[in-house]
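The values are calculated or read from the model by the stated rules, or taken from the named source; none is laboratory data. Keep in mind it's a predicted model, so treat the numbers as computed, not measured. Because the Cβ atoms are built from the backbone with ideal geometry, glycine has one as well, and the counts that use them run over all protein chains shown. For the accessible areas, the whole protein counts, side chains as well, though only heavy atoms, and no ligand, DNA or RNA atoms are used. Shrake-Rupley method; radii C 1.70, N 1.55, O 1.52, S 1.80 Å.
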Amino acid sequence: MRGVAIILILALLAAFCGGCWSRREITEIAIVLGMGLDLTPDGRVGLSLQIARPGAFYGGGDTAGGEGRVACWVVRGEGETLEEAAAYLAGKVPRELYWGHSVVLIFGEEMARRGVGAVADFFGRKREPRETMWVTVAEGRASDVLECHSVLEKTSAQAAAFLVTMGLGTAVRFREFVESLADEGVEPIATRVTVREVGVTPCPGEAGAVGPHRQAETSGTAVFRGDKLVGWLDQAETRGLLWLKGRAVGQVLTVRVPGKPEGWLSFRARRQRAEIVPRLEGGSVRFDVNLVAEFDMVEQGGIGDFAGPDQIRGSERLLAGAMEAEAGAVVERVRSAYGSDIFGFGDAFHRKYKREWHEMKGRWDEEFARAEVRINARAFVRETGLLTIRAETGRE
Amino acid sequence: MGRRLGRRTKGQEDDAVARGFADGPLSRDLDANLRELKAIFDRCSDVVFREFVFAQCNGTRLALVYTDGLADKAQVSDQIMRALALEVPVAAGGRRIGKGRALEFIKKRGLCMHQIAETDRLQEVVRAVLSGDTVLLVDGHATAIVNVARSPETRRVADSEVEPTVRGPREAFVETLRVNTSLIRRKIKSPSLKIETLRLGRVTGTEVAVVYIEGIANDKLVPEVKDRLGRIQVDGILETGYIEELIEDNPWTFFPTVNITEKPDRVAAMLLEGRAAVIVDGSPFVMTMPNLLVEYVHSTEDYYERFLFVSAVRVVRFLSLVASLTLPAAYIAAVSFHHELLPTTLLLSIAAQREAVPYPVLVEVLIMEVLFEILREAGLRLPRPLGQAISIVGALVIGEAAIRAGLVAASTVIVVAVTGIGSFVLGYRLSIAFRLLRFILTLLSAALGLFGLVAGMAVVIIHLCTLRSFGVPYLSPIVPTTVVDLKDVVFRAPWWAMFTRPRLIARRDRTRQAPDLEPGPPGARSRGRR
Amino acid sequence: MAERGRISPTQATLLMVSTVLPTAILFVPPVVVRRARQDAWMSLALAVIVGLLVARLVIGLSLRFPRKTLFQYSEEILGRAGGKAVGLLYIWWFLHTGALVITDFAALPCIALMPETPFIVFFILGIAVSGYAVRGGLEVLSRYNELVTPVSLGSIALIFALLTKEMRIERLLPVFDTGAISILKGSATPAGWLGEIVLLSMVAPYLSNEAEVARVAYVSVLAVGACVTAATVGTLLVFGPDLTGAWVFPVFSAVRSVVIANFLERLESVAVSVWVFLGLAKIGVFYYAAVLGSAQWLGLKDYRCLVAPTGVILLGMALLCPSTAELFEFAQGAFPVYALTVFEVGIPLLLSCVARIRGKGATGGA
């Protein structure tokens, strides 16, 4: 039928006459891998972008000049708003900025303390940045994190993203961060990232040169209240937080065995969940937090035979006690020091007492500070590894 | 025996004009007839006139007219001339036969031919001579005897080259109509297999046979096929392609709506599903109709191999169907519009490859596609051993050199090569259609990204929905969905579960086989147990 | 008769699903969630009931006047003048809704995939492609739809299934948080959308077996209801009520959130492409209804000559839309009310009452 031909021709004409609006050749874009936001001294927004240099990523070919070349480039721009800062960067970067493959969003500490609501709006509204990027807060400046190098990964942004993905700390996607920003019953958290000098490693910047090397690492959790950063949790406290969030799979817990001064046992959580049960008794709020975890024994010292049911029961009690202690400590610390409900107690209360919640919503901070929190943990040991007894050194 | 040759159709009314002589009855006078024929076959050096005397009756002169090279010379001299001029007296015991009874006698006792016919029309005589038959004219009779003694010289039935298979019959059709019908008849030994012949082409007078199985083929299909063939009034038909373009439902389409095959087993399978076949003398390809899109994704072998394996292979074929149509377009969309489609590492790697390439992706893809088409065409046209060399040189050397020269990116070469190979998986004629559409989709996608690609695909799908082949929707049984017939689209049901013929093709007698054929160990068989 | 094709009940059901679903799945969830928060599913259930009532009206009329479209029987019921007036109203409504659908159709690819490309490109391509299907007639349109709908819906469902990891059932709690008024308010928009089932009155006469019309109508309303509810609840489970209400296209954002094993991610381009196929079908249905209706209104033997002019009118009307924000406002606010009261319930109810009183039609008076 002639119809097809005519329609296809018309379509082609329509398409070509006006030009190809959204077309951006891959060689015309600057691929942003990581974004950092800092507050400039005069109170404006500083935007640092880590941009990939594709030449360094050439895979396989023998003509690759990948080694010895820096894989990325960090540019900085500033403006009243983020979009202004990005527009300013357009004058520095000879290509069009492309945000779609950015894996991390890093807030500088000062920026986070001033509030990140507007920033979240920018990234939620913009088409290219993804809901799945990781949100982190840098201790210090965000641009420092982007500027340091990773030995294993090509760029520090990718390294940071891998750390967050693979690591055992807090991992918060942008989507979850925004959800907790909007939700009244839970406050946001983010991964805390620190830049440290770590010994002496060959630095890819200067080929062959040896010098002190700066590297980004995750170091706990950033606690927000509203959209403002209020404080930090260190690695140990973060583990307590994860017990309460039911996300502690993979965490390693080590307990001392009573009665054996040299004896210790290490366990790795293989499954874990947490349940917050709110109770309203005579106007005062109480939370029963039930933690359940299953562990594998991964290491032990100074105990010898560890396979009997009694020992397993005993270690389960020890583990439960340790979990309760860690979780209890973090609840108390966050409540007293930061006054922030990052655990979602408010949401749990809302789900059960929806009418009362609507009354208490306004003064939830006080209620939360007053509320009694009882933590009740149960632990189960499932596997003990391939050994039944300790491989004694003298036995050989 | 005495069967009339040829069938009169509308197209033959003006044969006389085309051939430059007036039709008329034969004369009783042999000389008059010979004069007429010699006038007709003036300057046809291959037509032989051989006059001799009938042994049984001295007054009766006989004349043989045949075409040298078409007629079987051994049969003409042994079975006709020797018989009539020498041996009849032995057989007939020396009886004399009157001139008036000569024709009768020759017919009944004189000729040792397996098939004869008679005619009294000059036109029929001419046609018989040109078809390779030997015409015997008897003095004093206005009737000629047509001896079907065609030369057996024809190409040997050989392996199929266009549709090679691992398992299944290897033979392919040849250029001779009768050999081809015999190949089909050998597979379907049933009187219900009907082979109707007619002649098409005013000058060429090509014999065309319509083949179908009575009772299985749709009642409306065969008259429709014959009607469409009857409409054809062209001077010559040299290949099935002439007829195909003259009988399609929709001539304005990239897609073939009549299937072509050179394998007798495939034709037999089609006939058993209720389709009709058209064989054209002089072509080793047989047309089958109605034709559905899925036929191009299926192969004969699918029905001979184990059904689970076949079902898996067909999934691969459907994947390559989609890939061969859309892969370059999708690649362009991903690389120059929707970078988020690619994983970060791949995006960076492609970006790195493309840093040195001067052209936009579209130009690059077009360069490679055109190069690929040139190589393919060269490979087809050249003698076979050379053709292979060309493709190897083209694919390996030019591809590698183009990448090294920074003319194209390696990823583009991969995409174009995969697309090209993917299109070979499909039936050849569908891949031709896809080649053209692929270019259009590529352009659309280069202009509007995925949206252009999708819009183009939608047009292709809608177009496929409008197509019919001899009244049957081209996309059936996928849409309009016939649930029972989905047993043979992507998944192929095992033979013991192929109970029915395709619903839209064989409207009558759809039951194919007995139920309960599922095999099993002796105790578990359901059939025979009840 | 202007239309010679016949379609099977399955094709008709799928066609009706495509009449409602493609834009509903995008535009309904945010409005409902904004009004009824996590109780959106209750609003949707209410809307389905409204949809079933509209379907009941259409079925009644179609069975009473077999082999007649809305345009034909309204003349029979209300007389020539009245019928023509009703016909004119419906032609307007089909065109208006068609233009809205086209702008909706352009909105997603334009906003989400190619923001630099002007709207008119999407309009022209959308109208040209679906116009080609309409030109092929009802059979071609339904075949296209029959091929595309299961594949598209299947892939979208599959992508959603990849999100189960991210879903938290607590996000639906507490039940009945906002109160009955909010739930009722929330059901208005989806009810307007589900009421588009009234287009069945243009398709029903061409069913191969018209007695199946009831099954077609009910099954398609329930299927659409189920799909929209699944999409809304799915997004709620991923984002919670606050964020779901905040996104322009929550379902699209949900698809963007899929991350499986670091390679199954960024699927939104695929989802949008697949959705475009569905969108084209939806434009096609309204386009077809407008064209066929006009042909019957004018008493033409063949509607093909009207395809191009109608396309131009649709393009013109679509171009009148000032901005996407206003489009969303209208599509989610005023439009359902106006469509529901007049065209989806009002006129069909009037027609069936008058038919009953005047004793017109096959089962007249009984």
Mind checking whether some residue in region C:89-106 is assigned to a helix (DSSP H, G or I), away from chain A (no Cβ under 14 Å) and polar (S, T, N, Q)? yes
Qualifying residue in region C:190-209 (condition: within 14 Å of chain B (Cβ to nearest Cβ) and assigned to a helix (DSSP H, G or I)): yes
Every residue from region C:302-337 that is under 18 Å from the mean Cα position of the chain (by Cα), in contact (Cβ under 8 Å) with a residue 60 or more places away in the chain and open to solvent by 60 Å² or more (accessible area, probe 1.4 Å): C:F330, C:V337
Does B:I145 meet the test of being crowded, with 21+ Cβ neighbours inside 10 Å and modelled with pLDDT under 90? yes
Residue list for region A:363-378, filter: part of a helix (DSSP H, G or I) and open to solvent by 80 Å² or more (accessible area, probe 1.4 Å): A:R363, A:E366, A:R370
Quick one: in region B:433-449, of everything that is in contact (Cβ under 8 Å) with a residue 24 or more places away in the chain and open to solvent by 20 Å² or more (accessible area, probe 1.4 Å), which residue is farthest from the other protein chains (Cβ to nearest Cβ)? B:R435
Qualifying residue in region C:228-244 (condition: assigned to a loop (DSSP other than H, G, I, E, B) and either away from chain A (no Cβ under 14 Å) or more than 26 Å from B:A455 (Cβ to Cβ) (or both)): no
Answer yes or no: is there a residue in region A:189-202 that is within 14 Å of chain C (Cβ to nearest Cβ) and either open to solvent by 50 Å² or more (accessible area, probe 1.4 Å) or assigned to a loop (DSSP other than H, G, I, E, B) (or both). no
Just give me the residues in region C:85-119 being more than 17 Å from A:R23 (Cα to Cα) and β-branched (V, I, T), in sequence order. C:V86, C:I91, C:T97, C:V101, C:I102, C:T103
When every residue in region C:61-88 that is among the small types (G, A, S) and closer than 29 Å to C:Q332 by Cα is compared, the one nearest to the other protein chains (Cβ to nearest Cβ) is C:G87
Output for region B:304-343, where each listed residue is surrounded by fewer than 18 Cβ atoms within 10 Å (Cβ to Cβ) and in contact with a Gly (Cβ under 6 Å, 6 or more places away or on another chain): B:Y304
Let me spell it out: the conditions are (1) surrounded by fewer than 21 Cβ atoms within 10 Å (Cβ to Cβ); (2) assigned to a loop (DSSP other than H, G, I, E, B), and A:A120 meets all of them except one. Which number is the exception? (2)
Can you find even one residue in region B:205-222 that is in contact with a Pro (Cβ under 9 Å, 6 or more places away or on another chain), open to solvent by less than 40 Å² (accessible area, probe 1.4 Å), outside any strand (DSSP E or B) and not charged (D, E, K, R)? yes
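Residues are listed down the side, and each one gets a yes or a no for (1) away from chain A (no Cβ under 11 Å); (2) open to solvent by 40 Å² or more (accessible area, probe 1.4 Å); (3) of a type in the set (V, I, T):
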residue	(1), (2), (3)
C:N262	no, yes, no
C:V270	yes, yes, yes
C:L278	yes, no, no
C:A281	yes, no, no
Checking A:I106 against (1) in a loop (DSSP other than H, G, I, E, B); (2) touching a strand residue (DSSP E or B) at 6+ places or on another chain (Cβ under 8 Å), the condition it does not meet: (1)
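Condition check ((1) under 15 Å from the mean Cα position of the chain (by Cα); (2) touching a residue at least 12 places away in the same chain (Cβ under 8 Å); (3) assigned by TED's automatic domain parsing to the domain that holds A:G220) across all residues:
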{"residue": "A:R141", "(1), (2), (3)": "no, yes, yes"}
{"residue": "A:D144", "(1), (2), (3)": "no, yes, yes"}
{"residue": "A:C148", "(1), (2), (3)": "no, yes, yes"}
{"residue": "A:F162", "(1), (2), (3)": "yes, no, yes"}
{"residue": "A:T170", "(1), (2), (3)": "yes, yes, yes"}
{"residue": "A:V178", "(1), (2), (3)": "yes, yes, yes"}
If I filter region A:340-355 for residues that are in a loop (DSSP other than H, G, I, E, B) and over 19 Å from A:V186 (Cα atoms), do I get at least one hit? no
Name every residue in region A:249-266 that is farther than 15 Å from A:V381 by Cβ and either over 34 Å from the mean Cα position of the chain (by Cα) or open to solvent by less than 60 Å² (accessible area, probe 1.4 Å) (or both), in order of residue number. A:G250, A:P258, A:G259, A:K260, A:P261, A:E262, A:G263
Return the only residue of B:L453, B:L436 being assigned by TED's automatic domain parsing to the domain that holds B:L327 and farther than 21 Å from B:N259 by Cα. B:L453
Taking region B:450-471 on its own, how many of its residues are more than 9 Å from chain A (Cβ to nearest Cβ), in a helix (DSSP H, G or I) and closer than 30 Å to B:E224 by Cα? 3
Please report, ordered by residue number, the strands (runs of 3 or more DSSP E) entirely within region B:231-331 with at least 3 residues that are β-branched (V, I, T), over 30 Å from B:V361 (Cα atoms) and more than 14 Å from every other protein chain (Cβ to nearest Cβ). B:276-280
Region C:234-251 - residue that is closer than 18 Å to C:L327 by Cα and of a type in the set (F, W, Y) and, of those, surrounded by the fewest Cβ atoms within 10 Å (Cβ to Cβ): C:W247
Quick check: anything in region C:122-140 closer than 25 Å to C:V251 by Cα, hydroxyl-bearing (S, T, Y) and more than 14 Å from chain A (Cβ to nearest Cβ)? no
For region B:101-135, which positions are touching a residue at least 12 places away in the same chain (Cβ under 8 Å), open to solvent by 60 Å² or more (accessible area, probe 1.4 Å) and either assigned to a helix (DSSP H, G or I) or not assigned by TED's automatic domain parsing to the domain that holds B:A55 (or both)? B:R109, B:L130
Pull out all pairs, ordered by first then second residue, where Cβ-Cβ is under 6 Å, the residues are six or more apart or on different chains, the first lies in region B:267-296 and is touching a residue at least 24 places away in the same chain (Cβ under 8 Å) and open to solvent by less than 10 Å² (accessible area, probe 1.4 Å), and the second is part of a loop (DSSP other than H, G, I, E, B) and of a type in the set (S, T, Y). B:N291/B:T257
Within region C:205-216, identify whether any single residue is of a type in the set (S, T, Y) and surrounded by fewer than 20 Cβ atoms within 10 Å (Cβ to Cβ), and answer yes or no. yes
Failed criterion for B:F491 (all others in (1) farther than 30 Å from B:A329 by Cβ; (2) surrounded by fewer than 15 Cβ atoms within 10 Å (Cβ to Cβ) hold): (1)
Find all pairs meeting these conditions: Cβ atoms under 9 angstrom apart; at least six residues apart or on different chains; first residue within region A:36-49 and more than 15 Å from A:E83 (Cα to Cα); second residue part of a strand (DSSP E or B) and not small (G, A, S). A:T40/A:E78; A:D42/A:E78
